[in-house]
Each structure stands twice: as C-alpha cells, then as structure tokens.
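Before any comments, here is the structure.
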Amino acid sequence: MKLHNNKKDLWVEDQKDQPLFFDNLPELMRPEKAAFVLGVSKQTIYDWRYRQKQKSIPPEMFIKINRMLYLRTNVLKQWIALQNG
C-alpha cells in the first residue's frame, strides 16, 4: 500500500493501485478546504464558481448556505473523473 500525503498529492493507493480519492471527506467543503485537497489556490475555486460555463463546471457543484459558499464533494469527484477520463 502506498500513501501519498503532501499538499498536491492527497490520495492513497490500495494494493490494486486504485486511487481512493475523497473517501473520508464530508459531503460539503468550504473553498479553502477544496483548494488544499486539490492543490490549487482558493482563487481558482472561486474562478470555477464565477466562470462555470467557460470551464464546464456543473452548476450543482456549488451551494450557498447563510452567505457561505460550499462545494458538493460528490459532484466535484464526478467532475474530476470526467476531466481525467
């Protein structure tokens, strides 16, 4: 089993070398947490929010609760899979 635990490489590979990405994350994440997990800047996350059509970002990825922006982890995971697949 390989464990990668630096800022840009937060994932674990099991014995079959299948990445287990986002397994222990909550259903909603703040942009700062998502930026850290993905190894991008917080500004990149906000850019995705405001340029959804240009970046092909699903609109359901973002939700506002009490004026706070959150990302839905399951939608983010699906979007990343589509980008890399």
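Highest mean first, what order results for 27-36, 59-68 on Cβ atoms within 10 Å?
So the peptides 27-36, 59-68, ranked by packing, come out 27-36, 59-68.
Starting from the amide H of Val40, placed 1.01 Å from N in the peptide plane, find each other amide H under 5 Å away whose residue is 5 or more places distant or on another chain.
none
The numbers here are math on the coordinates, done by the rules we state, and not lab data. Keep in mind that this is a model prediction, so the values were computed, not measured. Every residue, glycine among them, receives a Cβ derived from its backbone with ideal geometry; neighbour counts consider all protein chains shown.
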